[in-house]
Amino acid sequence: MSDYLGELEQILFFALLHLGDDAYGVAIRELIQERTGRSLAPGAIYTALDRLERRGLVRSRLGDPTPERGGKRKRYYKIQPAGLTALARTREAAASMARGLDPRFQR
Amino acid sequence: MTSTTPSSPQPPALARRLLALRYRDDAREVVEGDLHELFNAALTRGASTRDARRQYWKLALASLFSKTSVASASAVGTPETASGAPFETAQLAWSDARIGARRLLRSPGFALPAILTLALAIGANAALFSVLRTVVLSPLPFPDGDRLVFLFRTNKSQEVLLTPRPEEVERWRSFDHVFEDIQSYEPRMFTITEGGEPEELSATAAPAGLLPMLGVAPALGRVFGPADMDPAAEPTAILADSLWRRRFGGVPSVVGRTIRLGDGIYRVIGVMPPGFDVPMGSDTLWIAQQGSSRSAASTLAKLRRGVDRDAAQAAIAAAGPATADDTWLGYVMSPRDYVGHTLQETVRMLAGAVALLLLLASVNVANLILSRNRTRAHELAVRTALGASRRRLMRLLLAESTLVAIAGGVLGLLLAAWGLEALDRLRPVDLTALERASLDRLVLWFAAALTAGTALLVGLLPAIRASRAAPRTALSAGGRSLAGGGHLGRGLLSAVQIGVALVLVIGALLLTRSLANLVSVDPGFDPEGILTVDLKLPSGPDVDAAVRDRFLRDLADSIQSLPDVAAVTFASGIPPRSGITFGVIEIDGGPPPGTDPSTISYGAVRPGYFETMRIPVREGRAFTADDFTAGAPVVIVSETFARRFLADRPAVGARLRMNARDAFATVVGVAADVKANGLHASDLNTMQIYRPLSPRSSVMLIVRARQGDPLALTDAIKARIWALDPALPITEVATANAQLRRATATPRFGLVLLGLFAAIGLALAAVGVFGVLMLVAGQRRREMAIRLSLGATRTQVIGRLGRYIGWVTALGVALGIGGAMQLSSMIASLLTGVTATDVPTYAAAAVAVCLAAVLAGFVPARRLATVEPAEVLRME
């Protein structure tokens, strides 16, 4: 496997890692908004996660319906070992490319 | 955590529904759930409902249109099969639509006829639906219109509905717990000459409370106030928007001006907003009802909140008859039933016609798609061979038909808007309701649903069929359609189209002939040259019956002396609006067993009535001057009355009475039947009793002109009337012919619409047959080229296409005639003087349809005939 991740995918992965068992659409969206200032449409988040799931990098399960969601269920996501590997590989690749350049790129 | 209770703000439902366009099943649930949660979170933070809804819309739309390809280092092309992943399915739908649109643009020869066909059908359906909605579903579009009801009186068997008497209305008015308000008004007719050709206008004499009860404010000026109702006050009028625009150029300064209506001068005090045509879509003008209502008047009531029609009916039925000698009861009718009463049959027939039209269009487009899929068999086979799944192929084909349907729907709505405008110009005088018909949101939803249904209907079958095609067969055919193959199926569909069009054309022709018969129906009198003038007779304390009687004699003598007047008389009214009272008839010695002489039209006439109207007296005699001086009361009955109720005794000499308090009156004559109310030929309409008229407050003057237009006598007659009494009000002047024309307004309306549908149907069939023939001709070019190069003549080549058109048309005509005969019961009750299976009508319609088919075949035949063999074969 030589999967690399896109920029949005990396951000999503970090969100999943922060959120642990509580990683579902609204929580992911809010964390990303909080940390990066980017406001993502729920549809965009799911499209990306869906794609990652088909690549075997994350897994999802349906939760229970809650009243504040109008009785609709949540979908929770969890990173798979392959996903962690891909994240590490992507970060490493970027880091090795940045080595020796402007210090701002190496953070 | 907040919890959502039913009363708390809800997210926008439409935005939620839009999500379903892209997300299905679980995916939709999860996205919707997120949006819902964010919506509630915004509210909890203290955002206004409006802002929360706005955020919901924003995120929903962003989700709907968010790029499906997120930046991904390994964004490989997705395989062309539908995977189970819910988010990908949505993505494919968009790509299907894009591919479909590109393909359609590349083949306008298919797309244009298909879109045009659907546009015509959907347009006709949308237009009809908006008409039906106006005329039937919501006839009284006012605030609280669902609480408005009409009040009538009816006999025990509820055969006849009459306008209630003033004393009954007064009594009902005291039923506070049932009615919030009751208002009676009178229909009037005026001739207006200002601002164009003289025109007869339907008007309503309204009391001060009528317009406020309906709760519609005038667009300009004011409504009537109590002061306008004073008989001494200046007469006032309010214009309908249509009349204001048509005859007064829509200038606001008309308010405050005086206009001449008939013989009165009225000050215009206001203009109503567009679409306001109280009470039942027939009015263009309202005048203040000065003084008390004449006798019976149309009555509209507003029910109290929470009281429905049945409860109101129970309340006035429980109250019993108004007076001891009356057996009639009040009757409450909803506006819907009121319209249904007169238009029900027409509406049913038109609904059938529209259904046929939709069928026609669907067959048409399905036919086109089948033809097209055939020419694409090769391409589809290649796709299958390359691994496209059947499901994927079907989706591709369905996407195309859906796009065609959507384009057709949008174009159809434009056509509907245009059609409604055209209809409004064509509409008969009495049906101003059409003016109100418009493409509002409900009609748009209807058209959208229709479009979706059609897309599925026309796309599914061909798609299933095409996706099932075995790739090997199609590939081995070398990508060329086999000459003649599949023409049978397409021919059958074309034949069905021709058949359906024929059914519509037959229906329209039958109605045309029926209307012609109705217009020429014998009303029982000679209307040519008859002019009627409604008079209000002198009133006052010193005016008694003798004074009025003298006045009528003097007036008759004075008008009779005019050179162009052949005869003069008076009556309470003339057919087909006899202006009659109904009641229970008591026959001396009892009526024949099993008969109930309770619903008789009852006319009061002066000497000379039968002669002036040219109504033959079959037995006995007409009234003489002696019958009008006090003496033994006498009556004259109609032939049908004599046949039904006096069959067991000599009619002349029989005795009967209307009221137990009166003495029996002796029958002195039997007059020929007239159509007392309307032009239909029922017994109810022809049973009549005439009694000598003793003039009361109002009377109708009837003048027969010697020659020419009787309206030309108007001024001379008025001069004679005013010479006797300068202050005498004349309420209405009309010719008998104009009154007969009004009686045919409803059948005319039905004919106009069915005629329109038949024309569209014929056009659809022609367009469809044309489209198919073009495809057939195109496919056969190669075959023809070979035949030509092998020595066949062009005549032979065209003859083959001609034979094809011939058998398709013959089969279609057979189907159409069979179908029309099956459906003939639907239209039978609307026909007068022509049977629903009239042979000449069927033949004429068949000829028209055959002509259309030949026309449709002309261009394709030419195209085949001009085939250059060398060129075609080189291109292959």
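Look through A:16, A:101, A:87, A:52 and report the one residue that is under 18 Å from residue B:26 (Cα atoms), aliphatic (A, V, I, L, M) and either free of Cβ contacts under 8 Å to residues at least 12 places away in the same chain or touching a strand residue (DSSP E or B) at 6+ places or on another chain (Cβ under 9 Å) (or both).
Numbers: A:16 fails: under 18 Å from residue B:26 (Cα atoms); A:101 fails: under 18 Å from residue B:26 (Cα atoms); A:87 fails: under 18 Å from residue B:26 (Cα atoms).
Going through A:16, A:101, A:87, A:52 in turn, just one is under 18 Å from residue B:26 (Cα atoms), aliphatic (A, V, I, L, M) and either free of Cβ contacts under 8 Å to residues at least 12 places away in the same chain or touching a strand residue (DSSP E or B) at 6+ places or on another chain (Cβ under 9 Å) (or both): A:52.
Do you know which of the residues in the stretch B:110-135 that are modelled with pLDDT under 75 and open to solvent by 30 Å² or more (accessible area, probe 1.4 Å) is nearest to the chain's Cα centre (by Cα)?
Filtering the stretch B:110-135 for residues that are modelled with pLDDT under 75 and open to solvent by 30 Å² or more (accessible area, probe 1.4 Å), the one nearest to the chain's Cα centre (by Cα) comes out as B:132.
For the structure I just gave you, tell me whether residue A:36 is open to solvent by 50 Å² or more (accessible area, probe 1.4 Å), under 23 Å from residue B:39 (Cα atoms), more than 12 Å from chain B (Cβ to nearest Cβ) and touching a residue at least 12 places away in the same chain (Cβ under 8 Å). Steps first, answer last, please.
Details: open to solvent by 50 Å² or more (accessible area, probe 1.4 Å): yes; under 23 Å from residue B:39 (Cα atoms): yes; more than 12 Å from chain B (Cβ to nearest Cβ): yes; touching a residue at least 12 places away in the same chain (Cβ under 8 Å): yes.
Judged against the criteria, residue A:36 is a match.
In the stretch A:70-77, is there at least one residue being in contact with a helix residue (DSSP H, G or I) (Cβ under 6 Å, 6 or more places away or on another chain) and more than 18 Å from residue A:45 (Cβ to Cβ)?
Yes: the stretch A:70-77 contains one or more residues that are in contact with a helix residue (DSSP H, G or I) (Cβ under 6 Å, 6 or more places away or on another chain) and more than 18 Å from residue A:45 (Cβ to Cβ).
Hey, among the residues in the stretch A:44-56 that are open to solvent by 20 Å² or more (accessible area, probe 1.4 Å) and within 14 Å of residue A:84 (Cα to Cα), which one's farthest from the other protein chains (Cβ to nearest Cβ)?
A:56
Is there a residue in the stretch B:799-811 that is part of a helix (DSSP H, G or I) and within 29 Å of the chain's Cα centre (by Cα)?
Scanning the stretch B:799-811 turns up no residue that is part of a helix (DSSP H, G or I) and within 29 Å of the chain's Cα centre (by Cα).
With respect to residue B:817, is the statement that it is open to solvent by 20 Å² or more (accessible area, probe 1.4 Å), under 25 Å from residue B:354 (Cβ atoms) and among the hydrophobic types (A, V, I, L, M, F, W, C) true?
yes
List pairs: first residue in the stretch B:811-827 and over 15 Å from residue B:841 (Cα atoms), second residue open to solvent by 60 Å² or more (accessible area, probe 1.4 Å) and modelled with pLDDT under 85 anywhere in the structure, Cβ distance under 7 angstrom, at least six positions apart or on different chains.
From the stretch B:811-827, the pairs are B:826/B:348.
What is the number of the single condition among (1) open to solvent by 30 Å² or more (accessible area, probe 1.4 Å); (2) in contact (Cβ under 8 Å) with a residue 12 or more places away in the chain; (3) within 7 Å of another protein chain (Cβ to nearest Cβ); (4) not β-branched (Val, Ile, Thr) that residue A:61 does not meet?
Of the numbered conditions (1) open to solvent by 30 Å² or more (accessible area, probe 1.4 Å); (2) in contact (Cβ under 8 Å) with a residue 12 or more places away in the chain; (3) within 7 Å of another protein chain (Cβ to nearest Cβ); (4) not β-branched (Val, Ile, Thr), the odd one out for residue A:61 is (3).
Which one of these is assigned to a loop (DSSP other than H, G, I, E, B) and either out of contact with any Asp or Glu (no Cβ under 9 Å at 6 or more places or on another chain) or of a type in the set (A, V, I, L, M, F, W, C) (or both): B:823, B:855, B:831, B:815?
B:831 is the lone residue from the list that is assigned to a loop (DSSP other than H, G, I, E, B) and either out of contact with any Asp or Glu (no Cβ under 9 Å at 6 or more places or on another chain) or of a type in the set (A, V, I, L, M, F, W, C) (or both).
Can you say whether residue A:31 is under 20 Å from residue B:63 (Cα atoms) and surrounded by 16 or more Cβ atoms within 10 Å (Cβ to Cβ), as far as the supplied structure shows?
Against the criterion (under 20 Å from residue B:63 (Cα atoms) and surrounded by 16 or more Cβ atoms within 10 Å (Cβ to Cβ)), residue A:31 qualifies.
Filter the stretch B:786-803 for residues that are surrounded by fewer than 14 Cβ atoms within 10 Å (Cβ to Cβ) and hydrophobic (A, V, I, L, M, F, W, C) and give the result.
B:790
Working carefully through the options A:27, A:41, find the one that is closer than 22 Å to residue B:29 by Cβ, under 13 Å from the mean Cα position of the chain (by Cα), within 12 Å of another protein chain (Cβ to nearest Cβ) and free of Cβ contacts under 8 Å to residues at least 60 places away in the same chain.
A:27
How many residues are surrounded by 14 or more Cβ atoms within 10 Å (Cβ to Cβ), out of contact with any Phe, Trp or Tyr (no Cβ under 9 Å at 6 or more places or on another chain) and polar (S, T, N, Q) if we restrict to the stretch B:229-255?
1
For the stretch B:511-566, how many residues are part of a loop (DSSP other than H, G, I, E, B) and acidic (Asp, Glu)?
6
Output the residues belonging to the stretch B:581-630 that are modelled with pLDDT of 75 or more, open to solvent by 10 Å² or more (accessible area, probe 1.4 Å), assigned to a strand (DSSP E or B) and more than 18 Å from residue B:663 (Cβ to Cβ).
Hits for the stretch B:581-630 are B:617, B:618, B:619, B:620.
Filtering the stretch A:68-107 down to residues that are in a strand (DSSP E or B) and closer than 20 Å to residue A:58 by Cβ, which residue is farthest from the chain's Cα centre (by Cα)?
Selected residue: A:75.
Can residue B:833 be described as modelled with pLDDT under 80 and either under 32 Å from the mean Cα position of the chain (by Cα) or at positive phi (or both)?
yes
In the stretch A:4-24, what residues are in contact with a Leu (Cβ under 7 Å, 6 or more places away or on another chain), within 11 Å of chain B (Cβ to nearest Cβ) and part of a helix (DSSP H, G or I)?
Within the stretch A:4-24, A:9, A:10, A:12 meet the criteria.
I'd like to verify a number: residues in the stretch A:64-90 that are crowded, with 16+ Cβ neighbours inside 10 Å, within 8 Å of chain B (Cβ to nearest Cβ) and not hydroxyl-bearing (Ser, Thr, Tyr), how many?
The number of residues fulfilling the criteria is 7.
In the stretch B:750-785, what residues are in contact with a Ser or Thr (Cβ under 8 Å, 6 or more places away or on another chain), farther than 26 Å from residue B:868 by Cα and open to solvent by 10 Å² or more (accessible area, probe 1.4 Å)?
Those that are in contact with a Ser or Thr (Cβ under 8 Å, 6 or more places away or on another chain), farther than 26 Å from residue B:868 by Cα and open to solvent by 10 Å² or more (accessible area, probe 1.4 Å): B:751, B:755, B:767.
Inside the stretch B:264-284, can you point out the residues that are surrounded by 18 or more Cβ atoms within 10 Å (Cβ to Cβ), out of contact with any Asp or Glu (no Cβ under 6 Å at 6 or more places or on another chain) and modelled with pLDDT under 85?
B:275, B:276, B:278, B:279, B:280, B:281, B:284
Out of the residues in the stretch B:14-45 meeting the condition of being under 21 Å from residue B:445 (Cβ atoms) and open to solvent by 40 Å² or more (accessible area, probe 1.4 Å), tell me which one is nearest to the other protein chains (Cβ to nearest Cβ).
In this case the residue turns out to be B:16.
Take the stretch B:834-852 and flag every residue that is in contact with a helix residue (DSSP H, G or I) (Cβ under 7 Å, 6 or more places away or on another chain), assigned to a helix (DSSP H, G or I) and open to solvent by 30 Å² or more (accessible area, probe 1.4 Å).
B:844, B:848, B:850
Take residue B:73 and tell me if it is modelled with pLDDT under 85, more than 42 Å from the chain's Cα centre (by Cα), at the interface with another protein chain (Cβ under 8 Å from one of its Cβ atoms) and open to solvent by 40 Å² or more (accessible area, probe 1.4 Å).
yes
Go through B:578, B:520 for me and flag whichever is open to solvent by 60 Å² or more (accessible area, probe 1.4 Å), modelled with pLDDT under 80 and among the hydroxyl-bearing types (Ser, Thr, Tyr).
One residue alone meets the criteria, B:520.
The values are calculated or read from the model by the stated rules, or taken from the named source; none is laboratory data. Only a predicted model underlies this, so the values are computations on that prediction, with no experimental measurement involved. When we count neighbours, we look across all protein chains shown, and the Cβ atoms used for this are built from the backbone with ideal geometry, even at glycine. Remember, those area values only see protein heavy atoms, side chains included, never the ligands or the DNA or RNA. Shrake-Rupley method; radii C 1.70, N 1.55, O 1.52, S 1.80 Å.
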